[in-house]
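These notes are about the structure you will find just below.
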Amino acid sequence: MHSNSSLLIDVHNRIRAYTSAINDRTVFPTPAALDALSELDTPLPDDPTDSAQVLDMLDEIGSPATVATSGGRYFGFVTGGVLPAAQAAALLAAAWDQNGGLSVMSPIAAQLEQIALGWLVELLGLPAGTGGGFVTGATMANFSALAAARHALFERQGWNVEADGLFGAPPLQVVVGDEVHASLLKALSMIGFGRARVTRVPVDGQGRMRADALPALNEHTILCIQAGNVNTGAFDPAADLCQAAQQAGAWVHVDGAFGLWALAAPARAPLAAGLEMADSWATDGHKWLNVPYDSGLVFIRRPEHLHASMAASAAYLLQDGPREPLHYTPEMSRRARGIDVWAALRSLGRQGLAHMIERNCQQATRFGQGLQAAGYEILNDVVLNQVLVSFGDAETTQRVIQAIQQEGTCWCGSTVWQGRAAMRISVSSWATTDEDVERSLAAMVRVAREIVG
Ligand SMILES: *Cc1c(COP(=O)(O)O)cnc(C)c1O
């Protein structure tokens, strides 16, 4: 048997080799690498396998079959890389193997979460006193915030939803923009509000909710707005929407999975003006903060509402003493994901984060300009980190996207924007250099020319 220490040296050497080669390989795995995956599909062995051999199999077969999302030229979906400090912290935290649920199970994890939460509230300019929780992603952050809103709005009507559920409860109204993200509808379905039982507000050509088309709101309304449309990067007009909601006594929830980070970059923050008036916010750490999966953040203006909806039992009252993480998330035992959030913020600082966000936005602008100069149509106003490009009709655009993916220099996905097929470029990684952008742009144009002519 390998001793544990040689296994740790082994894994670190492999991590070093993987990381140092990440920009020299095709971004998507080769067909050969994908074929080799079948070698892992063996019957469950009866006897133990040496740990070093397990690691060897995983690295030899697994590493080539990864998508190089931690490199500089992955632009699919909205996918952050992993900052060195966050990666190192996560590796150390894996060795610590802490349960992030309770402060008595991990004083360090509870402390780092609390510190990171305070920093984030300050950094994003959320109201003083805002609380929150560390969840798996923006889907669960939306879920958690909506559960808190559900508590608060039913409480106003004298209904205890945590005790009595939804059977016989008075109705609430949920308002979303027509461009609502699928994860928010999923969250609504999971908390018993229903995907379809929403009022949809029309949007403009960038996907922004039209404030002039809002239905009547009241104190039984949850208005879900968006900071950063997953296709265009556009922001709902938060100031107008929040003002209307405030006058009506409605709850405003913000899905800001990646767009909320605009608040950390002074030149982009005006896009998000007014968002601080909302009642709850959801964002991702694993997208634009560039921490490892799984990492999402839910923020609540009045933490007692999140606490009331997530407390492990009705007997846990909000009390003085340490903040117990498990009373603010759906999970009890969980990965201590605040550790890598803390490390990312500690390593970047306010300036470093602002520069990373701004740099990615400027790189997106460069993609837009470069593709337009080459004769291709940009379908959105590039205000943030998202770019939509059409290479002609839907079929041609799909062919170009596939060819770009196969060519391997970079990877971008496809989407449909207001009825038109498009390639979506999302620049969300600390690792993307300006050289990566030029190299990817050149590859895109070269491949597109071959197909479009
Ligand atoms: C990615 C995204 C989500 C879902 O986030 P997960 O981390 O995948 O759960 C929600 N809303 C928007 C706008 C997104 O871009």
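Structure notes:
- Scanning the range 357-374 for residues that are more than 13 Å from Pro266 (Cβ to Cβ) and not small (Gly, Ala, Ser) returns Arg359, Asn360, Gln362, Gln363, Thr365, Arg366, Phe367, Gln369, Leu371, Gln372.
- For the range 347-453, the strands (runs of 3 or more DSSP E) that sit wholly inside it and include 2 or more residues that are touching a Phe, Trp or Tyr at 6+ places or on another chain (Cβ under 6 Å) are 386-390, 420-426.
- Of all residues in the range 264-280 being assigned to a helix (DSSP H, G or I) and in contact with a strand residue (DSSP E or B) (Cβ under 8 Å, 6 or more places away or on another chain), the one that is nearest to Ala128 (Cα to Cα): Met277
- The helices (runs of 4 or more DSSP H) located wholly in the range 42-131 that include 2 or more residues which are surrounded by 14 or more Cβ atoms within 10 Å (Cβ to Cβ) and under 25 Å from the mean Cα position of the chain (by Cα) occupy 84-96, 107-123.
- Filtering the range 209-237 to residues that are hydrophobic (A, V, I, L, M, F, W, C) and either in contact with a His (Cβ under 9 Å, 6 or more places away or on another chain) or within 14 Å of the ligand (Cβ to nearest atom) (or both) leaves Met209, Ile222, Leu223, Cys224, Ile225, Ala227, Val230, Ala234, Phe235.
- For Gln206, the conditions (1) closer than 16 Å to Ala282 by Cβ; (2) within 16 Å of the ligand (Cβ to nearest atom); (3) in contact (Cβ under 8 Å) with a residue 24 or more places away in the chain; (4) surrounded by fewer than 23 Cβ atoms within 10 Å (Cβ to Cβ) are fulfilled apart from (1).
- The residue list Val252, Val291, Val298 contains one member that is in contact with a helix residue (DSSP H, G or I) (Cβ under 7 Å, 6 or more places away or on another chain) and assigned to a loop (DSSP other than H, G, I, E, B), which is Val291.
- Of the residues making up the range 138-156, those that are closer than 11 Å to Gly296 by Cα and away from the ligand (no atom under 11 Å from the Cβ) number 1.
- In summary, Asp279 fulfils each of the numbered conditions (1) within 16 Å of the ligand (Cβ to nearest atom); (2) touching a Phe, Trp or Tyr at 6+ places or on another chain (Cβ under 7 Å) with the single exception of condition (1).
- Any hit, the range 184-191, residues being without any contact (Cβ under 8 Å) to a residue 60 or more places away in the chain, more than 30 Å from Thr232 (Cα to Cα) and assigned by TED's automatic domain parsing to the domain that holds Asn290: no
- Cβ pairs under 9 Å, 6+ apart, first in the range 125-136 and assigned by TED's automatic domain parsing to the domain that holds Asp340 and within 13 Å of Arg323 (Cα to Cα), second surrounded by fewer than 21 Cβ atoms within 10 Å (Cβ to Cβ) and modelled with pLDDT under 95: Gly131/Arg323
- If you filter the range 254-270 down to residues that are within 14 Å of the ligand (Cβ to nearest atom) and hydrophobic (A, V, I, L, M, F, W, C), you find that the one that is nearest to Thr139 (Cα to Cα) is Ala257.
- The range 1-19 residues that are closer than 21 Å to Gly72 by Cα, paired with ones that are modelled with pLDDT of 95 or more (beta carbon under 7 Å, 6 or more apart): Arg14/Asp59; Tyr18/Ser63
- Residue among Ala336, Ala265, Ala248, Ala269 that alone is in the same structural domain as Leu126 (by TED's automatic domain parsing), farther than 30 Å from Gln173 by Cβ and surrounded by fewer than 18 Cβ atoms within 10 Å (Cβ to Cβ): Ala269
- Some residue of the range 6-21 being over 29 Å from Ala95 (Cα atoms) and loosely packed, with under 13 Cβ neighbours inside 10 Å: no
The values are calculated or read from the model by the stated rules, or taken from the named source; none is laboratory data. Being a predicted model, the structure only gives us computed values, none of them experimental. Neighbour counts are summed over all protein chains in view; Cβ atoms, including those assigned to glycine, are modelled from backbone coordinates with ideal geometry.
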